[in-house]
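Written below as structure tokens is the structure these notes are about.
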Amino acid sequence: MSTLMLFTDSICFSRERGIPVIREALRHFPNILFREINMFKHPQKTQRLGIKMSPTLVLNKKIISVGIPDKEELVKILFAEL
């Protein structure tokens, strides 16, 4: 099982638009678990992964996107990474 994490914060404007896009893309990937991580509540994890901006997508501890791509692009990225 893979894990896709969205690192964001409470003031991130992309968050509300991005989460539905991510969930829609993940319909193609039933073996990917999705988690949202608040960067301010988990600063050590954020720093350890090298995340500097919100939003950032991380798949299995690898940054795959800074910002949230559209659904088609995210599907392409996920297929390439798995």
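Every number here is computed from the coordinates shown, using simple stated rules; none is lab data. Note that this is a predicted model, so its numbers are computed, not measured. So basically every Cβ, Gly included, is an ideal-geometry build from the backbone, and we count neighbours across all protein chains shown.
Among 61-68, 18-25, the peptide with the highest mean count of other Cβ atoms within 10 Å heads the list, and the full ranking is 18-25, 61-68. Only lysine pairs 8 or more places apart or on separate chains count here, and in the chain those with Cα atoms under 17 Å apart total 6.
Angle of helix 14-25 to the longest C-alpha principal axis of the chain, folded into 0 to 90 degrees and rounded to 10: 30°. Other residues whose C-beta falls under 13 angstrom from the C-beta of residue 67 contribute a net charge of +1, scoring Lys and Arg +1 and Asp and Glu -1.
Adding -39500 (n - 2.57) for every DSSP H run of four residues or longer, then dividing by how many residues the chain holds, sets the calculated 222 nm ellipticity at -10500 deg cm²/dmol. Qualifying chymotrypsin sites (Phe, Trp or Tyr not before Pro) in the chain, where qualification requires a DSSP coil assignment and no more than 13 other C-beta atoms within 10 Å, comprise 13, 40.
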